1. Need one value for B:169-181: mean number of C-beta atoms belonging to other chains within 10 Å of its residues' C-beta atoms.
2. What helices in chain B pass both tests, a Cα length along the helix axis of 24 Å or more and a mean Kyte hydropathy of -1.0 or higher, using whole DSSP H runs?
3. Other chains near A:13-23: what is the mean number of their Cβ atoms within 10 Å of each residue's Cβ?
4. Largest first and in whole Å, give the semi-axes of the range B:21-175's equivalent ellipsoid, each being the square root of 5 times a Cα gyration tensor eigenvalue.
5. When the helix-only estimate is applied to chain B (DSSP H runs of n ≥ 4, each -39,500 (n - 2.57), divided by the residue count), what is the mean residue ellipticity at 222 nm, nearest 500 deg cm²/dmol?
6. Can you run the Rg to Rh ratio on chain A? Use alpha carbon positions and the Kirkwood inverse-distance Rh.
7. When you count, for each residue, the other Cβ atoms within 10 Å and take the mean per peptide, how do B:170-180, B:6-16 rank with the highest first?
8. Restricting to Cα atoms and excluding each atom paired with itself, what does the Kirkwood estimate give for the range B:7-349 in Å?
Amino acid sequence: MKITVDALGLSCPEPVLKLKKVIGGAKDIELLVDSRSCVENCTRFAESKGFAVSVSGGRGQYVMTLKKK
Amino acid sequence: MKKTWSKWSVIIAGVIVGLVAVGLGHYGNPGNMQLCIACFIRDTTGGLGLQTAGPQYIRPELIGILLGAFIISIVRKEHAPKGGSSPLTRFILGVCVMVGALIFLGCPLRMVLRIAGGDLNAVVGLIGFVGGILTGIVFLNKGFSLKRNYDQPAIEGVAFPAINVLLLILLVAAPAFIFFSEKGPGAMKAPILISLAGGLIVGAVAQRSRLCFVSGTRDAVLFKDFGMLLCYAAICVVVLVANLISGKFKLGFAEQPIAHTEWLWNILGLYLVGFGSTLLGGCPMRQMILAGSGNSDSAITVLGFVAGAAISHNFGLASSAAGTTANGRVAFVICVAVVFIIAFCNTKKSSSAKGAAA
């Protein structure tokens, strides 16, 4: 089951903390953030937990798709 | 899109920032204070006449840092006007962080530069800084949040850079109502163009590398992400080597440039800086970079730093080489209480995993 985490408008480290809470048992996560630095921080964290990360969208709203490898 | 930085990119960022600091010191900035966000905001506050008891000089480095971040964020299409995330709370935290920084005598960047100069008081202060970050992390883990921000009109994102252009004009035009220190740290300065260029480089590099003196420790503890710590190490090594070569390195506690030896207050001052900055989401340098990138909450925070600097010198809170002041020690107690109240009031009990997922 896909989990969606809405972290729009939140500044780091809050998006990563929200991701950290759900990443444990998840295999498919959609994460919404709105800044490039949040994308970078969340990507590093997700990859360190064994997820493949793809990013779509642009300035203002990024949709990050995280899939367990 | 390249998603992550490599270890080498943050090391290179640290080397560049370190080299700029060395250059600014060579061209006239004060010893172990080649570049300091807190001290330079204090100097600028004095230059505008908002405080009259401390150094007075509109520091071009700060203008450069802000405009460097502004330009690079525009070029990279990252500039986005955002705001509305507890602005008054951020202002108050900014005041408290500045009070702490001026008790220690420096921001986290200057702490690194002081360590690289052999100032062991800064090594002691580092203990407090890390302690403050760890305290902030406790609240972050319990659900602390200053709530989300929202899109703002374009003018909200360019107002602060425009103010900085105005400051540059005032500095160069030097009308009678702008103040310039004739002696002391405020009179020790690199030429304007060199300072401005140095600031532009640091602002651009810090925007690209996300340089933040809080996030390194915070993310190492929270996420076991140690990358940013390499950046601090790079800055420290570059400045240390330059100090050793030029003979400016002096190991010890006593008679360090613009520093005092009250170890407890060096710890406590930086504890306040670390705690407040963690709640703000970034150190004073990071707030400058975000303000340049369109974040008006960070611009408000910088204005809080300005107010904190004015209060610190007008009310006799700021330390000097002679040590802390009685007023400063009382202010510390008040500020740390205020930061704890803000932390408690904005922390809700951590929600479950399901609740966290929207």
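Read-outs throughout are calculated quantities, based only on the coordinates presented, and are distinct from any laboratory measurement. Predicted, not measured: the structure shown is a model, and the values here were computed from it. Using ideal geometry, Cβ is built from the backbone for each residue, glycine included, and neighbour counts are taken over all protein chains shown.
1. Mean number of neighbouring Cβ atoms from other chains: 0.
2. TM-like helix candidates: B:7-26, B:87-104, B:120-141, B:154-173, B:192-209, B:227-246, B:263-280, B:296-314, B:326-345.
3. Taking the mean over all residues of the peptide, I get 6.
4. Details: eigenvalues 135, 125, 47 Å².
Three semi-axes, in Å: 26, 25, 15.
5. -21500 deg cm²/dmol, from helical runs alone.
6. Radius of gyration relative to Kirkwood radius: 0.91.
7. On the way: B:170-180: 12.5, B:6-16: 17.2.
Ranked by mean Cβ neighbours within 10 Å, highest first: B:6-16, B:170-180.
8. Values: mean 1/r = 0.0513 Å⁻¹.
Roughly 19.5 Å, rounded to one decimal.
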